[in-house]
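Engineer: Here you go, one structure.
The values are calculated or read from the model by the stated rules, or taken from the named source; none is laboratory data. Please read all numbers here as calculations on a predicted model, not as lab measurements. Cβ coordinates were reconstructed from backbone atoms using ideal geometry, including for glycine residues, and neighbour counts include every protein chain displayed. Each accessible area value is taken on the protein alone, full model and side chains, heavy atoms only, with ligands, DNA and RNA left out. Shrake-Rupley method; radii C 1.70, N 1.55, O 1.52, S 1.80 Å.
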Amino acid sequence: SHPLLYPPGIKCGGVLSAPSGNFSSPNFPGLYPYETECTWLIVVAEGSSVLLSFSHFELEYHDTCAYDYLQVYNGAARDRGNLLGTFCGHSPPPPFSSAWHVMAVVFRSDRHVAKHGFAAAYKKDACGGQLTGLSGEITSPRYPESYPNDAECRWSIGGASGGGPLTLVFADFQMEGGQGCGFDYVALFDGPTITAPRLGRYCGSARPPRTISSTPHLLIIFKSDFNIGGRGFKAHFYSAGECQEVFTTIKGNFSSPQYPNFYPNNLKCHWSIQLPPGYRVKVFFLDMELEGRSSLTGGCDYDHLSAFDGGTENGSLLGQWCGRESLAPITSHSNRLLLVLHTDRNTAKRGFSISYVGVVPMNVSCTRTDFHIQIPVQSLAQLERNRIYLGTPSCAAQVVGRNFKIHTRFDTCGTESQRRNNTSVIVSTLYIDFSVGDQEDVHQYEVQCEPKRKEASVTLIAGPDPSRLSQAEHLVDAQQWEGEAIDAREIKSQDTSDIVFISICILAGLLMVIAVVGLVLL
């Protein structure tokens, strides 16, 4: 760590463990010394929070605070995921409320230009304050114990870089009731002050509905009167931008907040992929670096990314990951998939980048001579039939009832014979063109038939880039074509390799007979 470079005799930094206190830059209110680094660690009782405020602030100004600066951390210092902000110049930092019982403040000066510095005060369990993270939790004073009488708290949420509208969800709510909520209440405002439009006023024991602001700011006011209390409330908030997104397009991509920079600590982010009925969701992990596994349990106990089938956390768990891993793609069993990122109080990393593709529902079967492909029209409702073709555009789908159908012989539509695993297979590419305007978006599926066994399969290929995605798996189970009456032409079209072999055998037999007859005549 950087040595403390300040003149002897000047107190600088330390651990502050009293329920409340004050601290300031060295020499305050005089000029602070050059080349100084101080760290104050505020530690109050477990279960409490810290409210930090600044009464005076004057540091050397720089547009990125590269010279002299003050940093506030939501927890132990030097963990970038806990950084609440870096400040310099003459504008004091807002009041900060910590998410738990530890807060750190770091002051640093360089070798030029000294100012008067800062004076700060803190106290524990003061309710309200400025919350700037992408997500967090707030509770009424003393929760889950009964809240005090004559309390008034204001939480101003917002101001995070890149933050979008805010979502507030109440996990628990029990307060004194009353018509019009005139006694104890929680009021929500769609902005940073009470002049903003009011989003709601709540009391009693019914949990308030999920609330979404229209701006990146949300003001929460809690007020209690002189008697009759309750357990109070517990609520979570998160930015609806980077940390809470819903995708309904056939393909897309997203990443952890602030990627490829370190993600914040204390997050719970949701990405919900919701596709039309019949589709499945295939997810590709392009990059992943989270906090590693626990050395005690070997599990992802700290930061982790989880995938749930069916779109809710009650769905079956498709996987849970942490650390730095190269992951194989995963495919949902339904048309909905939920990804949840959970980060704890410390040790942030680069995060992740993900892309997904909707797997079109289709039925692929084959005989010894033909491919049969069937896709429900409702799955591709916006597409003309000529946007769906096998091999070449001339082999476009027909609309038969409620399905797009392609029924084609192996000797057409760009099919080719290959040998895979010492087996003769027929292979072609099915194209589904989702392009709009200049945005090319062609999805490709490889269809394959093993004629002898009449088994077909289909595999997703990356679109619009035709290079195959790594570890693409069979998306449709092999299907046996069953029919009581065998088509006459199917009997005629035996595997050509078998016919050639039989022909060679007959010719060899004739030559042997001629040779034997010739010897006898001689």
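Engineer: Can you name every residue in the range 176-199 that is on the phi > 0 side of the Ramachandran plot and open to solvent by less than 20 Å² (accessible area, probe 1.4 Å)?
Structural biologist: Listed by number, the residues that qualify are Cys181, Gly191.
Engineer: Here's a check for you: in the range 235-257, which residue that is open to solvent by 60 Å² or more (accessible area, probe 1.4 Å) and over 13 Å from the mean Cα position of the chain (by Cα) is nearest to Ser156 (Cα to Cα)?
Structural biologist: His236
Engineer: Of the residues that sit in the range 200-226 and are open to solvent by 50 Å² or more (accessible area, probe 1.4 Å) and among the polar types (S, T, N, Q), which one is modelled with the lowest pLDDT?
Structural biologist: That would be Ser214.
Engineer: State yes or no: is Leu305 more than 30 Å from Val102 (Cα to Cα), of a type outside the set (Phe, Trp, Tyr), under 15 Å from the mean Cα position of the chain (by Cα) and assigned to a strand (DSSP E or B)?
Structural biologist: So Leu305 fails the test.
Engineer: Quickly run through the range 15-35 and pick out the residues that are open to solvent by 40 Å² or more (accessible area, probe 1.4 Å) and in a loop (DSSP other than H, G, I, E, B).
Structural biologist: Residues satisfying the conditions are Ser17, Ala18, Pro19, Asn27, Phe28, Pro29, Leu31, Tyr34, Glu35.
One line per residue, one yes/no per condition, for (1) over 29 Å from Ala76 (Cβ atoms); (2) surrounded by fewer than 15 Cβ atoms within 10 Å (Cβ to Cβ); (3) at pLDDT 90 or above:
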site: Asn266; (1), (2), (3): no, no, no
site: Gly278; (1), (2), (3): yes, no, yes
site: Leu286; (1), (2), (3): yes, yes, yes
site: Leu305; (1), (2), (3): no, no, yes
site: Ser316; (1), (2), (3): yes, yes, yes
site: Gln320; (1), (2), (3): no, yes, yes
site: Ser326; (1), (2), (3): yes, yes, no
site: Asn335; (1), (2), (3): yes, no, yes
site: Val340; (1), (2), (3): no, no, yes
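Engineer: Another question, if that's okay. Of all the strands (runs of 3 or more DSSP E) wholly in the range 246-298, which have at least 3 residues that are under 22 Å from Ile461 (Cβ atoms), touching a residue at least 12 places away in the same chain (Cβ under 8 Å) and in contact with a Leu (Cβ under 8 Å, 6 or more places away or on another chain)?
Structural biologist: The strands (runs of 3 or more DSSP E) meeting that bar are 280-289.
Engineer: Right, here's the next one. Answer yes or no: is there a residue in the range 396-407 that is free of Cβ contacts under 8 Å to residues at least 12 places away in the same chain, crowded, with 16+ Cβ neighbours inside 10 Å and either in a strand (DSSP E or B) or hydroxyl-bearing (Ser, Thr, Tyr) (or both).
Structural biologist: yes
Engineer: I'd like the full set of residues that are β-branched (Val, Ile, Thr) and free of Cβ contacts under 8 Å to residues at least 40 places away in the same chain, limited to the range 305-337.
Structural biologist: Answer for the range 305-337, where residues must be β-branched (Val, Ile, Thr) and free of Cβ contacts under 8 Å to residues at least 40 places away in the same chain: just Thr312.
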